[in-house]
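Here is the structure we will look at.
All of the numbers you see were taken from the coordinates with simple rules; none came from a lab. This structure is a prediction, so every number in the text was calculated from the model and none was measured. No Cβ is skipped: glycine too gets one built from the backbone with ideal geometry, and neighbour counts run over all protein chains shown.
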Amino acid sequence: MRLHGSEESVRAGWSGIYEDAEPTDAYRKVGFTLVPMGLMDSSANMVRTANSRFAVRGGSQTAVAMLDESGSALTQMLTMQRYSQDGALVVGYRDATQRHTLALYSADLATELARHDITAWPAGPAAVPHAAELFEKMYLADATRQIGARQQLVSVDATGTMVAVAADLGNGSEALKPYTVAVYNNTLFISGQDVGGLSAPAMVRHSFLGVSPDAAGNFDSNAYETVGAAGEYITAMIPGRNVLLVAKENELYRISGFGRALAGWQFVTTPIENTDYVGAIAPKGICFAEGYWYGVSGVGPWRTDGINIEVLVRSRLRSWRQVTHLERAVVRYDPTRRLILFGLVTGSATAINTIWLYDMDAEQFISDWTLPAPANDVYALAQQGVIGPAAKPGVPTFQDDLATLTTVAGSVTLGDTSAPTEIWVDRNTGVFVLDQTLPLGVSTFTIQGLVNSTQYPVKARAVKNGQYTTFSAVGKAYTKLAPPILQAVQTASDTVTLTVEQQAGADSDLSVTRSEGGLTLATFTTLPAGSIETVTDTQVSVGNLYHYFATTTNAAWPAAIQTAFVEVALGVTTTGVNMLPPSAPAFVDAQATTGSVHITFTPSDNSLQTEVAYSVDGGAAATVTLAAGVAAADVADAAMKGTNRVSVRLRQTDGTNFSAYTEWVVGHTVIALPRISVPSSGADWNVIAMDADIEVEFILKRGTTLLVQTPGTTHSSYYDSGLTAGKPYSYNLTAYRADWPADMNYSGVVTTNTLQPT
Amino acid sequence: MIPVYCVNATDNRVMTIDDAAVDTDDGTPFEASVTSVAFEAGAWSGFRRFMQTVHLNGTATVIVTPITDDAPDESQTLPYVLSVSTDGSFVRQRWAFASHGSRHQVLVRIPAHSGLTELGEWGRHLVPRRSERGGP
């Protein structure tokens with residue numbers, strides 16, 4: 001039975017994990033802690049967002065597939081670490097050769113900067129590498145417990161050059177094989193080795209201040225100290241808060257002070273009291289972040305500010321029982337998500353398969369991530385936040401048919417669609433100058449302000465977060481060739497003299513041709529710009545119109561813009577007057593009538609008269625002369641009665657001389673009204689007769705009802721039956737020509753009315 | 001967001017994780033889930049409704065299973081395929097249950113999704129009953 005007034009409805013967001021907590025409502029307290037609403041018993045593959053929602057984490061994909069120096073795929077990856085000089089250092093291992101390979105990558109792992117097998121490390125089992133950076137070099141150590149199987153300390157510079165580090169620890173130079181390595185106050189700290197290559201798990205040594213740890217004089221033989229009990233390994237050393245935190249399996253110590261360029265141990269060592277059995281099992285089991293060291297050891301995850309210890313496992317006691325292989329656990333800091341990543345081995349796995357996320361702001365575990373594959377390390381690489389473009393753009397290419405005399409249109413294959421792309425142009429000064437920056441995702445561009453007939457080198461690069469790619473290869477852009485200047489003058493009744501001036505570049509060819517007769521009048525090779533040549537055409541006849549072309553050609557130019565030409569037309573007259581025909585006549589259909597057509601044209605010279613030659617329906621041509629300056633006229637003739645085709649051509653005249661004619665152009669008069677009559681009728685029928693002078697289609701309607709549309713004819717009739725005696729009827733007739741211009745292929749409507757007899 | 005890299009122990013790859021560019025783990029969908037801590041109405045009660053706000057810009061399959069007295073009741077598991085709401089911001093989805101017991105939990109699973117998928121506020125409706133197992 002329902003208890004009235006007792007139902008609940010609570011809303012909250014999801015917060016941290018507190019496994020096996022007592023119910024949140026009736027029993028709000030877990031121990032002495034008030035458990036907030038929204039607490040989770042468990043969570044997988046989520047991450048807390050800045051607005052306190054829980055987001056499904058992003059997916060996984062391959063960032064790098066690493067090979068050894070000979071190109072064979074490695075079989076396991078061992079560690080990854082930030083390296084300020086390049087971005088990231090990655091170490092892998094190949095089972096078949098039992099050799100280790102080291103690679104340096106850009107921070108986003110997109111670019112492999114160096115890759116070498118670690119030749120200083122002889123074939124053997126996979127190492128437990130970890131590294132520290134000092135003086136722009138990484139120092140790579142192997143945290144293998146047995147010193148006999150431990151690999152030698154190796155330094156790596158930004159080019160991947162490695163140096164096997166040796167030092168005189170009191171008995172001559174010997175290979176350094178530290179168990180752990182760390183950098184604190186510009187000195188390199190190593191642990192686990194005594195003079196003569198003996199294992200000394202609790203011994204710490206530091207390098208000589210100001211001396212590169214891989215150079216001569218790197219370590220003073222007396223600069224050592226034993227921390228805690230001699231037989232217990234120093235398992236991790238992590239700097240922070242101006243101290244070097246030194247961890248053993250169940251103890252923590254602080255090393256503080258500043259190195260001096262003096263012989264002997266230069267620092268102070270103090271234990272952290274009441275460590276609650278926290279410590280580290282392996283060097284990557286501790287990290288420092290935002291004032292705290294976070295670690296994992298047998299008692300679970302913990303953190304310390306260097307004085308107080310706080311064990312973090314209490315909310316995860318159920319899951320902690322599933323964690324195994326603590327020697328493989330890693331603790332990493334993710335500064336952007338503000339998380340500590342506890343990489344753990346759980347269940348029957350033998351490599352890291354789970355990450356516990358500890359939210360540094362909420363101070364809670366918030367979710368576990370299941371890894372896509374077993375891992376030896378996890379790492380959040382902070383430099384990724386300011387990475388540059390992923391790849392440089394491709395070589396710029398150009399759409400030549402879009403080039404103009406002053407612009408070119410190009411495109412570039414983007415190397416990184418999330419990065420703007422810069423377009424640089426060498427405007428033939430020998431110096432590339434930034435021309436424009438393409439926005440994100442834009443790959444096309446137009447370069448303006450160029451000179452015709454010119455080739456321009458163009459290159460591109462991407463920019464992102466203030467970082468640039470290298471430039472692309474150089475592409476070549478071409479502006480259009482400038483056409484020559486051509487003038488044609490009739491210098492005799494049978495001679496035209498042409499003057500041509502080259503405008504394009506010095507390496508362009510030039511030819512002068514005439515379309516009539518397909519004549520090539522002259523060709524000039526590699527004619528420099530500004531060159532003026534004279535060409536004579538003596539194969540002309542009076543009364544003809546000739547079209548001359550001057551064409552520039554540059555074989556080095558792209559095919560689409562390899563030539564440029566100019567055209568000049570010249571009419572040859574008897575006296576050598578250079579008279580050109582007018583433009584071809586254009587018919588204005590709206591102004592046509594049944595007895596005329598209306599033309600417009602452009603005289604070649606307003607001082608000249610225009611002779612109009614016309615022919616109606618193919619009949620004999622007639623002419624009419626228009627006054628000078630007239631550019632429009634009605635052309636009328638008695639032969640035009642409607643529905644006529646009128647051919648018209650024009651030429652200019654000064655009264656004595658004539659230009660050449662234009663081509664014939666056909667216009668149309670308006671379709672003439674058809675004729676309609678009712679020659680006979682009865683009480684309920686009519687015969688309608690339809691006539692026209694020219695073949696048309698008759699469109700006969702009674703009122704608005706279509707009765708018939710005939711094929712083309714000059715006479716037709718229609719028997720309209722079913723009418724009502726004594727009733728009036730109205731018949732409408734239209735003539736139609738499908739071959740007339742669309743705006744004038746109907747005649748007007750002619751109407752006749754009847755009154756049926758009774 | 002910077003990528004978290006996984007340094008693989010069984011092949012030659014370094015992989016990203018929590019990579020916003022992909023919705024799967026190397027092509028395989030992965031499941032995200034949340035299990036609430038137990039809640040109760042102080043006695044024997046009916047768990048009638050559960051509401052979860054889901055903010056998303058793609059699609060997501062959201063499955064909710066009621067857990068009563070530590071036992072998941074798979075018979076009442078209800079999946080919904082959610083997609084971007086008309087206002088483009090969030091979907092408030094309700095699940096109706098008929099579970100009865102002293103302690104209730106919900107398991108919210110998202111076995112597949114595309115794009116950003118976030119869980120926001122949630123709510124539940126318990127109907128207290130006369131005690132059949134004793135009150136608090």
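Values as computed for the structure displayed
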quantity	calculated
Debye equation applied to the C-alpha atoms of segment A:388-478, log10 I(q)/I(0) at 0.12 Å⁻¹	-0.32
Segment A:199-318: C-alpha pair distances exceeding 24 Å, %	29 percent
Inter-label distance, nm, simple model (7 Å from Cα along the C-beta direction), residue A:173/residue A:198	2.4 nm
Kirkwood hydrodynamic radius (C-alpha pairs) into Stokes-Einstein, segment B:4-68, 37 °C and 0.692 mPa s, D in µm²/s	205 µm²/s
Spatially proximal aspartates and glutamates relative to residue A:476 (Cα-Cα < 12 Å; intrachain offsets below 8 disregarded)	A:400, A:426
Residue A:519 long-range amide H proximity, modeled H, under 5 Å	A:514
Percentage relative contact order, chain A, counting C-alpha pairs under 8 Å, at least six apart	5 percent
Longest site-free stretch - chain A; sites: GluC sites (Glu not before Pro), DSSP loop, at most 13 other Cβ within 10 Å	A:364-662
Environment charge at residue A:236 (Cβ cut-off 12 Å; Lys +1, Arg +1, Asp -1, Glu -1)	-1
For segment A:349-366, 3J(HN,Hα) per residue [Karplus equation, 6.51 cos²θ - 1.76 cosθ + 1.60, θ = phi - 60°, Hz, x = Gly/Pro]	5, 10, 9, 4, 10, 9, 10, 8, 9, 9, 7, 6, 7, 7, 6, 9, 6, 10
Rounded Å value of the spacing that divides the Cα centres of segment A:488-554 and segment A:177-232	91 Å
Förster radius 51 Å - calculated FRET efficiency between residue A:632 and residue A:556 (Cβ-Cβ, nearest 0.05)	0.55
Radius of gyration, Dmax [segment A:59-117; alpha carbons; angstrom]	11.1, 33
Inter-label distance for residue A:607 and residue A:709, nm, one decimal - labels placed 7 Å from Cα along Cα-to-Cβ	5.5 nm
Contour excess over end-to-end distance, with Cα ends at residue A:623 and residue A:751 and 0.36 nm allotted per residue	42.3 nm
Calculated diffusion of segment A:292-343, Stokes-Einstein form, Kirkwood radius summed over Cα pairs, 10 °C and 1.306 mPa s, µm²/s	136 µm²/s
Using θ = phi - 60° and Karplus 6.51 cos²θ - 1.76 cosθ + 1.60, couplings along segment B:102-112 (whole Hz; Gly, Pro as x)	8, 10, 10, 9, 10, 10, 9, 10, 10, x, 8
Charge tally in the Cβ shell below 12 Å around residue B:4, where Lys, Arg are +1 and Asp, Glu are -1, residue B:4 excluded	-1
Spatial extent of segment A:675-755: Rg and Dmax, with the Cα atoms as the point set, Å	13.0, 42
From phi via Karplus (6.51, -1.76, 1.60), per-residue ³J(HN,Hα) for segment A:336-345 in Hz, x at Gly/Pro	7, 7, 6, 10, 9, 9, 9, x, 10, 9
Cα-derived Rg to Rh of segment A:304-379, Kirkwood definition	0.96
MRE, 222 nm, helices only [DSSP H, n ≥ 4, -39500 (n - 2.57), over the protein assembly as shown, to nearest 500]	0 deg cm²/dmol
Long-range HN-HN contacts of residue A:594 with modeled amide H, under 5 Å	A:670
Positive-end extreme of charge dipole, the protein assembly as shown - chosen from A:354, A:153, A:430 (charges on Cβ)	A:354
Distance from segment A:283-311 to segment A:44-66 (C-alpha centre basis), Å	24 Å
For chain B, built as a Gaussian network whose Cα springs stay under 10 Å, the top-fluctuating residue of B:36, B:102, B:83	B:36
At R0 = 60 Å, FRET efficiency that the Cβ-Cβ distance of residue B:59 and residue A:656 yields, to 0.05	0.10
Inter-probe distance in nm under a simple model that places probes 7 Å from Cα toward Cβ, at residue A:84 and residue B:98	6.8 nm
All-pairs Cα distance distribution in segment B:30-128, expressed in whole percent, bin size 10 Å	16, 49, 26, 9, 0
Residue A:667 long-range amide H proximity, modeled H, under 5 Å	A:646, A:647, A:648
Size descriptor, Kirkwood hydrodynamic radius, that averages inverse alpha-carbon separations across chain A, Å	36.5 Å
Cα-Cα pairs of segment A:586-668 separated by more than 16 Å (percent)	46 percent
Charge dipole (debye, nearest 20) of the protein assembly as shown; +1 at Cβ of Lys and Arg, -1 at Cβ of Asp and Glu	2320 debye
Over segment A:675-755, relative contact order from alpha-carbon pairs under 8 Å, at least 6 apart, %	30 percent
Which listed pairs, of A:177/A:392; A:641/A:701; A:641/A:727; A:137/A:248; A:248/A:464, have C-alpha distances above 32 Å, in listed order	A:177/A:392; A:641/A:727; A:248/A:464
